[in-house]
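Worksheet: the structure to be examined is printed underneath.
The values are calculated or read from the model by the stated rules, or taken from the named source; none is laboratory data. As the structure is a computational prediction, the values presented were derived from the model and not from experiment. We place every Cβ from the backbone using ideal geometry, glycine too, and count neighbours over all the protein chains shown.
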Amino acid sequence: MQKFLLSIDNLSTKLGHFSAYSIAVLTAVICWEVGSRYFFNSPHDWVFDVTYMLYGVLFMMAGAYTLSKNGHVRGDVLYGFFTPRTQAILDLALYIIFFIPGIVALVYAGISFASESIAINEHTTQTANGPPIWPFKMIIPIAGGLLLLQGFVEIIRCILCIRDGEWPKREEDVEEVDVDKLKAMVSHEDDKKGA
């Protein structure tokens, strides 16, 4: 079971890393447009549309990646003090009550938006000759489907934690802060105060 969970985490991680390249493309497009506008006096109308689509791709595709790393925002004020089993029970209830219905609705609506957009060969309306928007709208159900898949993995993790009393391992990835060092520092400072 652990191998299956880690394989889905790995899929979410790889797709998250791949979609992060949209930042490089976004930066290149903006730099090219600024140079074109100020050095050659030749602005392009479509750049605005492309930049918000690229940012949207990054934002939507980051959902499953962030969930696989347990990085979504939650009210950690009390949650961190609960036992792993209590955390898992709370998470499981929230996944079933809120997450699954919300993401299923996102996927359903995304399929409808994308299929309508493809059928009419939709283009953006911000500019007179805007780029096609249907490829961007196709990302909505894809990102939602990946998030739903990762959500089912998280539900399995909750069930395993309820059964075993500890959270199953996750795939390692880059962390902004060395959590173990931070915990050691806090523990060390608490020891000084107690002495």
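The residues of segment 116-134 that are surrounded by fewer than 14 Cβ atoms within 10 Å (Cβ to Cβ) and either among the small types (Gly, Ala, Ser) or assigned to a helix (DSSP H, G or I) (or both), listed by number, are GLU116, ALA119, ALA128.
Applying the set (1) in a loop (DSSP other than H, G, I, E, B); (2) modelled with pLDDT of 90 or more to VAL177 leaves exactly one unmet item: (2). Of the residues making up segment 77-107, those that are within 20 Å of GLN150 (Cβ to Cβ), among the hydroxyl-bearing types (Ser, Thr, Tyr) and free of Cβ contacts under 8 Å to residues at least 24 places away in the same chain number 1.
Of everything in segment 100-112 that is surrounded by 18 or more Cβ atoms within 10 Å (Cβ to Cβ) and not β-branched (Val, Ile, Thr), the residue that is farthest from HIS44 (Cα to Cα) is LEU106. Entry remark, segment 84-114: residues being among the polar types (S, T, N, Q) and over 16 Å from ASP164 (Cβ atoms) number 1 in total. Picking from residues in segment 126-151 that are under 16 Å from the mean Cα position of the chain (by Cα) and of a type in the set (A, V, I, L, M), the one that is nearest to VAL57 (Cα to Cα) is ILE139.
Residue check: PHE81 meets all listed conditions (1) in a helix (DSSP H, G or I); (2) closer than 30 Å to TRP167 by Cβ; (3) of a type in the set (Phe, Trp, Tyr) but one, namely (1).
Looking across segment 66-85 at every residue that is polar (S, T, N, Q) and surrounded by fewer than 14 Cβ atoms within 10 Å (Cβ to Cβ), the one that is modelled with the lowest pLDDT is identified as ASN70.
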